[in-house]
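Read through the structure below, which is laid out as structure tokens, and then see the notes.
The values are calculated or read from the model by the stated rules, or taken from the named source; none is laboratory data. If you're wondering where the values come from, they're calculated on a predicted model, not measured in any experiment. Note that each Cβ is placed from the backbone with ideal geometry, even for glycine, and that neighbours are counted across all protein chains shown.
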Number of protein chains: 4
Amino acid sequence: MAVRAAVAGASGYAGGEVLRLLLGHPEMEIGAVTAHANAGHRLGELQPHLVPLADRVLGPTSVETLAGHDVVFLALPHGQSAAVAEQLGDEVLVVDCGADFRLRDADAWEQFYGTPHAGTWPYGLPELPGAREALRTTRRIAVPGCYPTAVSLALFPAYAAGLVEPEAVIVAASGTSGAGKSLKPHLLGSEVMGSMSPYGVGGGHRHTPEIAQNLSALADEPVTVSFTPTLAPMPRGILATCSARVRPGVTAETARETYAKALAGEPFVRLLPEGRWPATAAVVGSNAALLQVALDEAAGRLIVVSAIDNLTKGTAGGAIQAMNLALGLPEETGLPFTGLAP
Amino acid sequence: MAVRAAVAGASGYAGGEVLRLLLGHPEMEIGAVTAHANAGHRLGELQPHLVPLADRVLGPTSVETLAGHDVVFLALPHGQSAAVAEQLGDEVLVVDCGADFRLRDADAWEQFYGTPHAGTWPYGLPELPGAREALRTTRRIAVPGCYPTAVSLALFPAYAAGLVEPEAVIVAASGTSGAGKSLKPHLLGSEVMGSMSPYGVGGGHRHTPEIAQNLSALADEPVTVSFTPTLAPMPRGILATCSARVRPGVTAETARETYAKALAGEPFVRLLPEGRWPATAAVVGSNAALLQVALDEAAGRLIVVSAIDNLTKGTAGGAIQAMNLALGLPEETGLPFTGLAP
Amino acid sequence: MAVRAAVAGASGYAGGEVLRLLLGHPEMEIGAVTAHANAGHRLGELQPHLVPLADRVLGPTSVETLAGHDVVFLALPHGQSAAVAEQLGDEVLVVDCGADFRLRDADAWEQFYGTPHAGTWPYGLPELPGAREALRTTRRIAVPGCYPTAVSLALFPAYAAGLVEPEAVIVAASGTSGAGKSLKPHLLGSEVMGSMSPYGVGGGHRHTPEIAQNLSALADEPVTVSFTPTLAPMPRGILATCSARVRPGVTAETARETYAKALAGEPFVRLLPEGRWPATAAVVGSNAALLQVALDEAAGRLIVVSAIDNLTKGTAGGAIQAMNLALGLPEETGLPFTGLAP
Amino acid sequence: MAVRAAVAGASGYAGGEVLRLLLGHPEMEIGAVTAHANAGHRLGELQPHLVPLADRVLGPTSVETLAGHDVVFLALPHGQSAAVAEQLGDEVLVVDCGADFRLRDADAWEQFYGTPHAGTWPYGLPELPGAREALRTTRRIAVPGCYPTAVSLALFPAYAAGLVEPEAVIVAASGTSGAGKSLKPHLLGSEVMGSMSPYGVGGGHRHTPEIAQNLSALADEPVTVSFTPTLAPMPRGILATCSARVRPGVTAETARETYAKALAGEPFVRLLPEGRWPATAAVVGSNAALLQVALDEAAGRLIVVSAIDNLTKGTAGGAIQAMNLALGLPEETGLPFTGLAP
């Protein structure tokens, strides 16, 4: 019997991607789809690519509409998930694609988000040491941010093995869907096409403390993170270029072996053969993450580049991967391994 | 037991898309993958998005490699399919993604392709009247061209019902993958991005006689076709804007009803609700075709716009849809209905 | 002594392009720059590419601010130009980049724009027969629409010489800047990139009667126009594919000669050598229009394709070209002939 | 009397951009234009945007063709400039857009380029301390690489003032024209659009020693450079994100003041007002460089982001800026300050 899922925030990009993946998931059935301003509209108007759901009418995002499902995905603006989750009951699996329950440090939350800290839920990045076990028994999942997914996958083997110093420098390029469907002038096609631009420079991006939290947990010492996100002229994809000073004795070979070992058995994370570098096009629409690692001996730094789809592995695919674990399903169920290229 | 398929020309865009779809097909197993210049290389180097096939080595495109499969997809330059097909045996289902067996008129073939006519195979566009039946019993399938797919789906209801005069004017925009992976200066990213340009203007494009053949068969009189293809700055997708003078007495309502009736029950072709127009983004990676129709009373013309993915419904998806029929499988098996958006 | 120009609507794309070109114009000096919602902001925030004007503060769009200039460019939403122009005085050269004074037929105006007809000003497309003379003596200029510019340049030689029947079929692709800076969901970069879509299909686009007006004046009989605009994934550029049935006796040679003759001496419109087709990239930022013509004998149609930059020749460049004539300056003064490629 | 310039390598992107700028330069006259494989073709076929030069025929790149000009621009593959320059005579101003004469360290040259070191010419980045003076008296100019231009402009004030430690980490995104017109599969539009990918990771890019040379000269100690270039889906533009650990006592205010002071009077380099960040779209086609600086106190790093057009300020515009100095012309002559946006 199918597991019934509701999706709150189904008119946005994250919610739309959850629906796209649920349509291809053999164990899931799509129940309520809800929205705020777009309630009452048909999905076909807002997500024309979800052809089989074109006639579904968006309900209001309310506990009444979301109740009675086995799984509820929340793709809401931050600050709204706690109230909904509380009323859904402990037996419902709630998967929060927003930020509300990602950070453990309440001060960091308040500094970066400006609202009271709602709490912390098991973190939906199964590849991190210990995460998979926690996800198997939870009814609450905090889906990681898209950048923290790309960066944590790139750097966790290095920090877990002590290859590098606790100062990471990260520059990441994201497709515009990472900024959502909000109507802002700088997100217009005319502005975006043909242009690269940074934002949140100097430590201000909200994903910075989340990245630091993930890396620090592995390093067993605080890792400082210099994180610069940039907006790239493409709809989807994150390319994260991450580096840190290598510790004495680390060679290109030991670095590569460390990564190969850390990623062995991971279904979705692939270390590319030497000489090949990840391109975001290879993972568009896919739950895969592609990695490559290099040691720059002259600069004394380890460079790791990762490519993911911000909406798939970086949001909705990661959410379903974690959901699979929480439902006791094989982790790969219903998730695409292939990208859509060209 | 799985049906085993080989793909010849697996390093190109059409072959890569056949493989992407076969990976998601529940009844198919991927056997040999072959190439010409790229034989000996791993697929991971040439099709990095096909993560599960990364370690597969491309064999040479030869009858020895292709023999022993239930289905053989040919994605070869035109003129090469006949020789391969002949040696494969009549019991093998051969699906030719190239042009060799599409045209019935040997003179038109020679005029547009400049080589001797190889013959005619059942035409793999199941939506055309009579096509589905022919495909159910064949071991040879000529996959339609990408433009003829988009245009024939747009105009077949109008010509089958006699709504319009036998002079069609078509302007279509295609993503660059339609031109293949060939290394030509005008296909460089620097040239393509930010630019629209026409080609084959004035009746010279090889898909012109194929379009005329499809429409003339329905009109029971020769349909002249003015076809202008244009190259658009996107990797995938075709938007075909098709029009013809309406015949007396045709109203917007009768036109719409004719289309609704002609497309009823078609799994992959959707007439959009009034007021919505197709965008290629909604069908990227999908086997769906989206259509809309309008009557321009001042100009006296019926305008039909269709959107498809040139590599999916326009090539590899259409090929698999036709293959499903020839194998006795449900026509929709393994084919995506949802596009990848944004 | 420099001619002083004010620009109303300087925060939008049309106004920004007027400023970009005025900065390169040797006879012009930039006076007031005004806006509505953005009044009080610095240009550097809204038009960061206009580096030399970064510190200019936008004033309100009012007669007080605009008075006292030799030339006033209006880049306002339609319906607002008449009131401003009236109060500026007859000796001021008013160049309206909007639609208000383009149409001669009040009924057509009201049908397509839904407001009372404001009147008709000399039409700023110098290449049309008779237009140059009218512009030399006027203090009021109606700048043509971007699509009508591209289409009229493509078809005026054919209609002036009676080469074709009075039924034109036009499909044009435009960059997104043609839709302005308005915050609409379908103009977001995430929606636009990788997608082609039509709009205003079936005769509804407001540029349709303007095209018909221009062609009918040349044909000395009403020309019906089937016009389908499409939105292309690029910031700038229009590619217009125009066709009509050829009249008996017209050959490829006579067509070509007619065009060569009609365009001889035109500074900005170039008929390309045979075998080359226009690409919008070649005219980005340029006031040039590139044309090519072909006779499709099988279809009995003349096909003309034109490429312009919708913001330059299609709006601001055309405006300045007409202004030059009205000011008695050489027509080419300050206008770029080269595009920005790649 | 006009200064006559020849351009060798006029069919490529760098050569085309030199020609575009020379067309707008009031003191220059374009003489011979030459090419290698494309000799004998008209420029209109290869550089269709250079409308006024469409009928110019490309000559062979030979000393015979290039002799007799006041200035010769060389836009040749590396390794070919020395032989040409030698034969041109000392009184001719030779401006080498290639790499041959940029590096002072012969070992670094041989390590990164694999050919014998040709020598060192005055370096054409006038903004670097001392460079302007050297350029005023030279007949030989080594035009900087595009990445070194973007990075050196971003970091020279920090290193000249000792704000940061001698370990720079740089991640830069470049438009595809940076890779030239060479026919490589990964540069096809179908591959590039919608994709970000790194290359030359780990210190292998040839611009690395050039960046290190520039920064080390200012720091008066060797600066190690970790440089990762990435290919972005746009034709033009470089966004360079540069960072280094700040030295004790440096505050956001002192950093900002240092930059403001270092850039005061620079015609082409602009420090943006606080809160605004550079986008490459603002400098497309322009010789301007836009900079912004931030101090990340938590990470202890100074972040500087610069945006340039790789073909203009990064190649041809920089070349002409340096040429102006060598010719005794005002440095800004003929160079665009405004970008082409949107």
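Is it the case that A:Glu86 is surrounded by fewer than 19 Cβ atoms within 10 Å (Cβ to Cβ) and closer than 25 Å to A:Gly145 by Cα?
Here the answer is yes, as A:Glu86 does meet what is asked.
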Exercise. Within the range C:256-274, is even one residue more than 9 Å from every other protein chain (Cβ to nearest Cβ), buried (at least 18 other Cβ atoms within 10 Å of the Cβ) and without any contact (Cβ under 8 Å) to a residue 40 or more places away in the chain?
Worked result: yes
Seminar exercise, completed: Exception for A:Val57 within (1) surrounded by fewer than 17 Cβ atoms within 10 Å (Cβ to Cβ); (2) closer than 26 Å to A:Pro336 by Cα; (3) touching a strand residue (DSSP E or B) at 6+ places or on another chain (Cβ under 7 Å) falls at (2)
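Check B:Thr251, B:Thr280 and return the single one that is in the same structural domain as B:Leu163 (by the TED database) and either surrounded by 14 or more Cβ atoms within 10 Å (Cβ to Cβ) or under 18 Å from the mean Cα position of the chain (by Cα) (or both). Steps first, please.
Working: B:Thr251 fails: either surrounded by 14 or more Cβ atoms within 10 Å (Cβ to Cβ) or under 18 Å from the mean Cα position of the chain (by Cα) (or both).
Result of the check over B:Thr251, B:Thr280: B:Thr280.
Picking from B:Ala75, B:Ala37, which residue would you name as being away from chain A (no Cβ under 14 Å) and in contact with a Cys (Cβ under 8 Å, 6 or more places away or on another chain)? Spell out how you get there, then give the answer.
Working: B:Ala37 fails: in contact with a Cys (Cβ under 8 Å, 6 or more places away or on another chain).
Among B:Ala75, B:Ala37, only B:Ala75 is away from chain A (no Cβ under 14 Å) and in contact with a Cys (Cβ under 8 Å, 6 or more places away or on another chain).
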Exercise. Out of the residues in the range B:185-209 that are more than 7 Å from every other protein chain (Cβ to nearest Cβ) and touching a strand residue (DSSP E or B) at 6+ places or on another chain (Cβ under 9 Å), which is surrounded by the most Cβ atoms within 10 Å (Cβ to Cβ)?
Worked result: B:Thr208
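Quick one: in the range A:286-303, of everything that is over 18 Å from the mean Cα position of the chain (by Cα) and assigned to a strand (DSSP E or B), which residue is surrounded by the fewest Cβ atoms within 10 Å (Cβ to Cβ)? First the steps, then the outcome.
Start the filter on the range A:286-303 by keeping residues that are over 18 Å from the mean Cα position of the chain (by Cα), which leaves A:292-303.
Going one step further and asking which of them are assigned to a strand (DSSP E or B), we end up with A:292-296, A:301-303.
Details: A:Gln292: 24, A:Val293: 25, A:Ala294: 23, A:Leu295: 20, A:Asp296: 22, A:Arg301: 24, A:Leu302: 28, A:Ile303: 27.
So, considering only residues that are over 18 Å from the mean Cα position of the chain (by Cα) and assigned to a strand (DSSP E or B), the one surrounded by the fewest Cβ atoms within 10 Å (Cβ to Cβ) is A:Leu295.
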Exercise. Quick check: is even one residue across the range B:193-216 part of a strand (DSSP E or B), in contact (Cβ under 8 Å) with a residue 40 or more places away in the chain and not assigned by the TED database to the domain that holds B:Ala10?
Worked result: no
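Keeping to the range B:252-283, report how many residues are in a helix (DSSP H, G or I) and over 16 Å from A:Val51 (Cα atoms).
Keep residues of the range B:252-283 that are in a helix (DSSP H, G or I), which gives B:252-263, B:280-283.
Those left that are additionally over 16 Å from A:Val51 (Cα atoms): B:252-262.
So the answer is 11.
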Exercise. Which condition number does B:Glu221 fail, the rest of (1) of a type in the set (Asp, Glu); (2) outside any loop (DSSP other than H, G, I, E, B); (3) over 29 Å from C:Thr176 (Cα atoms) being met?
Worked result: (2)
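Would you mention how many residues in the range D:327-336 are touching an Asp or Glu at 6+ places or on another chain (Cβ under 8 Å) and buried (at least 21 other Cβ atoms within 10 Å of the Cβ)? First the steps, then the outcome.
If we filter the range D:327-336 for residues that are touching an Asp or Glu at 6+ places or on another chain (Cβ under 8 Å), which is where we start, we get D:327, D:329, D:333-334.
Next, from what is left, pick out any that are buried (at least 21 other Cβ atoms within 10 Å of the Cβ): none.
Residues in the range D:327-336 being touching an Asp or Glu at 6+ places or on another chain (Cβ under 8 Å) and buried (at least 21 other Cβ atoms within 10 Å of the Cβ): 0 in total.
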Exercise. Out of all the residues in the range B:227-237, is one or more among the small types (Gly, Ala, Ser), within 21 Å of B:Ser286 (Cβ to Cβ) and within 14 Å of chain C (Cβ to nearest Cβ)?
Worked result: yes
Problem set entry | Criterion: buried (at least 23 other Cβ atoms within 10 Å of the Cβ), within 11 Å of chain C (Cβ to nearest Cβ) and within 17 Å of the chain's Cα centre (by Cα) - qualifying residue of B:Val171, B:Val143 | B:Val171
Exercise. Would the range A:13-27 turn up any residue that is modelled with pLDDT of 95 or more, surrounded by fewer than 18 Cβ atoms within 10 Å (Cβ to Cβ) and in contact with a Lys or Arg (Cβ under 7 Å, 6 or more places away or on another chain)?
Worked result: no
Exercise. So which residues in the range D:42-72 are within 17 Å of D:Leu22 (Cβ to Cβ) and among the acidic types (Asp, Glu)?
Worked result: D:Asp55, D:Asp70
Exercise. In the range B:275-294, which residues are facing another protein chain (nearest Cβ under 8 Å) and either of a type in the set (Gly, Ala, Ser) or without any contact (Cβ under 8 Å) to a residue 24 or more places away in the chain (or both)?
Worked result: B:Arg276, B:Ala279, B:Ala281, B:Ala282, B:Gly285, B:Ser286, B:Ala288, B:Leu290, B:Gln292, B:Ala294
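Listed here are the residues, each with its yes/no results for (1) of a type in the set (A, V, I, L, M, F, W, C); (2) under 24 Å from D:Ala244 (Cα atoms); (3) in contact with an Asp or Glu (Cβ under 6 Å, 6 or more places away or on another chain).
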| position | (1), (2), (3) |
| --- | --- |
| A:Thr241 | no, yes, no |
| A:Thr251 | no, yes, no |
| A:Thr254 | no, no, no |
| A:Leu271 | yes, no, no |
| A:Pro278 | no, no, no |
Exercise. Has the range A:303-319 got at least one residue that is touching a residue at least 60 places away in the same chain (Cβ under 8 Å), of a type in the set (D, E, K, R) and more than 9 Å from chain D (Cβ to nearest Cβ)?
Worked result: yes
For this session: With the condition kept exactly as written, say whether any residue in the range D:181-194 is aliphatic (A, V, I, L, M), over 30 Å from C:Pro233 (Cβ atoms) and modelled with pLDDT of 95 or more.
Result: no
For this session: With the checklist (1) of a type in the set (Ser, Thr, Tyr); (2) touching a strand residue (DSSP E or B) at 6+ places or on another chain (Cβ under 8 Å); (3) assigned to a loop (DSSP other than H, G, I, E, B) in hand, flag the one item D:Tyr147 doesn't pass.
Result: (3)
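On the given criteria, is D:Phe112 crowded, with 17+ Cβ neighbours inside 10 Å, not assigned by the TED database to the domain that holds D:Gly180 and not in a loop (DSSP other than H, G, I, E, B)?
Numbers: crowded, with 17+ Cβ neighbours inside 10 Å: yes; not assigned by the TED database to the domain that holds D:Gly180: yes; not in a loop (DSSP other than H, G, I, E, B): yes.
Spelling it out, D:Phe112 is indeed crowded, with 17+ Cβ neighbours inside 10 Å, not assigned by the TED database to the domain that holds D:Gly180 and not in a loop (DSSP other than H, G, I, E, B).
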Seminar exercise, completed: Sole miss for A:Ala99 among (1) part of a helix (DSSP H, G or I); (2) touching a Lys or Arg at 6+ places or on another chain (Cβ under 7 Å); (3) more than 18 Å from A:Leu325 (Cα to Cα) is condition (1)
Exercise. Within the range D:238-250, is there a residue that is touching a strand residue (DSSP E or B) at 6+ places or on another chain (Cβ under 8 Å), facing another protein chain (nearest Cβ under 8 Å) and part of a loop (DSSP other than H, G, I, E, B)?
Worked result: no
Exercise. Can you pull out the residues in the range D:45-87 that are part of a helix (DSSP H, G or I) and not aliphatic (A, V, I, L, M)?
Worked result: D:Glu45, D:Pro52, D:Glu64, D:Thr65, D:Ser81, D:Glu86, D:Gln87
Seminar exercise, completed: The lone condition A:Asn324 fails out of (1) in a helix (DSSP H, G or I); (2) buried (at least 18 other Cβ atoms within 10 Å of the Cβ); (3) touching a residue at least 24 places away in the same chain (Cβ under 8 Å) is (3)
Problem set entry | The one condition in (1) part of a helix (DSSP H, G or I); (2) of a type outside the set (Lys, Arg); (3) within 18 Å of A:Leu327 (Cα to Cα) that A:Glu17 fails to fulfil | (3)
